[in-house]
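Have a look at the structure below, then the notes.
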């Protein structure tokens, strides 16, 4: 078994002028997560590190760079799950937090609960000494421009979102065979205040079980929850499917049953991994042994040595 | 196929002095839900009616009678799911609403989202003309007494909750073979502000799919989410298990894997139904053909004619 970290930066159509930044962002996040594994860190440490990097990167819809709700505000959802004991932590509709994924991990580690929402999540952050950031620090010119476009009469934020990018996430297996997942998002473009999507919903935004594997999902949240996509894929793995076949079965079922598109990164405890998507594109990267794998378009699979500079 | 509605009033230990009220409450809710089916209403109409009755009944932990959070406030979670198109709606950490289950249904029917949380959910309620009620109107002397007890040094709210009662919920099949589920709760005793449990999490608090069946769950929320209990039971049904065997398999797995106890009501589209629990008690009732079935203790199965007065 070889430790691995696999990262996704959102499924959808990535505008050409943003594609290089998306590729660079997921590669950098996968390298950062893999560096944690190489230092002997756990799969949970690795996925939180990788997703934190994507939250800090303004080219992705999570943390800084999140899409705005109908009121022009950032409200974020995030989840982590540890396959060892099926522990999980999540936050929903949280504001003014630079790294919601780290707050989700604190919910798992420091409370008897699995999810905190809205002001209660912020209150918990303060009690843990997590500093809050100014709301504007999470808003980019690009997200403000898209928000304004979608306030126009006749705008269709759902279509607009499907054409752009979704959630970010990561899965990993460490040297001890523990699996973990992490998923973080700013949600749907111009969503209602307080809208919670699939991301913080266990089994939809992600799932991790050392006996089966781990999945992080991205795509149309309201479709992902209808089929509990992450858990569905792991049921297929339990029944003997490879991570690749199980991911394709889950995505095909979501498309045929509810018409939804998305993408996933999946691992099993043996270190097999897959990145699959039914959208036009998904920025992804995986680091294992000495090689960084990455891609953006269907069928694209590039590699470089992990020894090469970033 | 015979239409049916099955109701649960929470799994746990029900104090003796409250057992008659619990029995009467679930029987009355099942009758109300079944009256909707008899009038030609849908399974969704039936489960929302049954759960609304339990929310209005101060003997159950949902709506009026909800447990209080650590700050002495009521924050409620609810979900509905329609098996026809896998549509769902949920609210989490909502305040000052008499019937969160009806608000969850409005989220499903009137928005493009599946879950609204906290103040965003209240804002949506106002926009729909749902009247807000004074916070005190949802608080009973009993819930205030239990809150105070569990503020004491050395109190263990989790154990205290396991000894009492959880969520309420219902599943139904209508004359057209459509299945639906509804689950509503005040959550965990003395929970943190903003704590969201299993109830509004699709696949955990409930799931409904016309091709398989419907489940509503109750019990220790942080265990239920770890095994996505509702979806897990329906995977067993998909693989040929009866609703009863599938429910037992799901509950046994939750107990052995994560040490959690709970209860479920389950139906399949053919009108087969089961009420199963791993706790000491669960108040339940089911109405089908001319008979009301009900019970509270393991193995207890009483019946009366639906023609009899309430």
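Assorted remarks:
- Candidate set: the stretch B:252-261, residues that are within 16 Å of residue A:203 (Cβ to Cβ) and surrounded by 17 or more Cβ atoms within 10 Å (Cβ to Cβ); chosen: the one nearest to the other protein chains (Cβ to nearest Cβ): B:258
- Taking the stretch A:87-102 as the range and being in contact with a strand residue (DSSP E or B) (Cβ under 6 Å, 6 or more places away or on another chain) and either touching a residue at least 40 places away in the same chain (Cβ under 8 Å) or part of a loop (DSSP other than H, G, I, E, B) (or both) as the test, the residues that pass are A:88, A:90, A:91, A:92, A:93, A:100, A:101.
- Positions within the stretch A:164-205 being in a loop (DSSP other than H, G, I, E, B), more than 14 Å from every other protein chain (Cβ to nearest Cβ) and at pLDDT 95 or above, in sequence order: A:174, A:175, A:176, A:177, A:178, A:186
- Looking only at residues of the stretch A:147-163 that are away from every other protein chain (no Cβ under 14 Å) and at negative phi, we find that the one that is modelled with the lowest pLDDT is A:163.
- Filter pass, residue B:299 being free of Cβ contacts under 8 Å to residues at least 12 places away in the same chain and out of contact with any strand residue (DSSP E or B) (no Cβ under 8 Å at 6 or more places or on another chain): yes
- When restricted to residues that are in contact with a helix residue (DSSP H, G or I) (Cβ under 8 Å, 6 or more places away or on another chain) and outside any loop (DSSP other than H, G, I, E, B), the stretch A:132-154 contains 2.
- Restricting B:234, B:249, B:292 to those that are part of a helix (DSSP H, G or I), at pLDDT 95 or above and buried (at least 20 other Cβ atoms within 10 Å of the Cβ) reduces the list to B:234.
Yes/no per residue for (1) within 17 Å of residue A:307 (Cα to Cα); (2) assigned to a loop (DSSP other than H, G, I, E, B):
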position	(1), (2)
A:27	yes, no
A:37	yes, no
A:44	no, no
A:48	no, no
A:52	no, no
A:58	no, yes
A:64	no, yes
A:69	no, yes
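- Candidate set from the stretch B:206-231 (those that are in a loop (DSSP other than H, G, I, E, B) and either more than 10 Å from every other protein chain (Cβ to nearest Cβ) or modelled with pLDDT under 95 (or both)); member that is nearest to residue A:107 (Cα to Cα): B:220
- Number of positions in the stretch B:252-284 that are farther than 27 Å from residue B:19 by Cα, in a loop (DSSP other than H, G, I, E, B) and out of contact with any strand residue (DSSP E or B) (no Cβ under 6 Å at 6 or more places or on another chain): 1
- Taking the numbered list (1) in contact (Cβ under 8 Å) with a residue 24 or more places away in the chain; (2) surrounded by fewer than 20 Cβ atoms within 10 Å (Cβ to Cβ); (3) in a loop (DSSP other than H, G, I, E, B) in turn, residue B:244 passes all entries but (3).
- Here A:93, A:78 are screened, and the one residue that is under 30 Å from residue B:190 (Cα atoms), within 13 Å of the chain's Cα centre (by Cα), modelled with pLDDT of 95 or more and within 14 Å of another protein chain (Cβ to nearest Cβ) is A:78.
Yes/no matrix, rows are residues, columns are (1) surrounded by fewer than 24 Cβ atoms within 10 Å (Cβ to Cβ); (2) in contact with a strand residue (DSSP E or B) (Cβ under 9 Å, 6 or more places away or on another chain):
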| site | (1), (2) |
| --- | --- |
| B:69 | yes, yes |
| B:72 | yes, no |
| B:81 | no, yes |
| B:104 | no, yes |
| B:107 | no, yes |
| B:114 | no, yes |
| B:118 | no, yes |
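- Applying the criterion of being in contact with a strand residue (DSSP E or B) (Cβ under 9 Å, 6 or more places away or on another chain) and in contact (Cβ under 8 Å) with a residue 24 or more places away in the chain to the residues of the stretch B:120-146, the residue that is farthest from the other protein chains (Cβ to nearest Cβ) is B:138.
The values are calculated or read from the model by the stated rules, or taken from the named source; none is laboratory data. Quantities reported herein were computed from a predicted structural model and do not represent experimental measurements. Ideal geometry is used to build each Cβ from the backbone, glycine not excepted, and the neighbour counts take in all protein chains shown.
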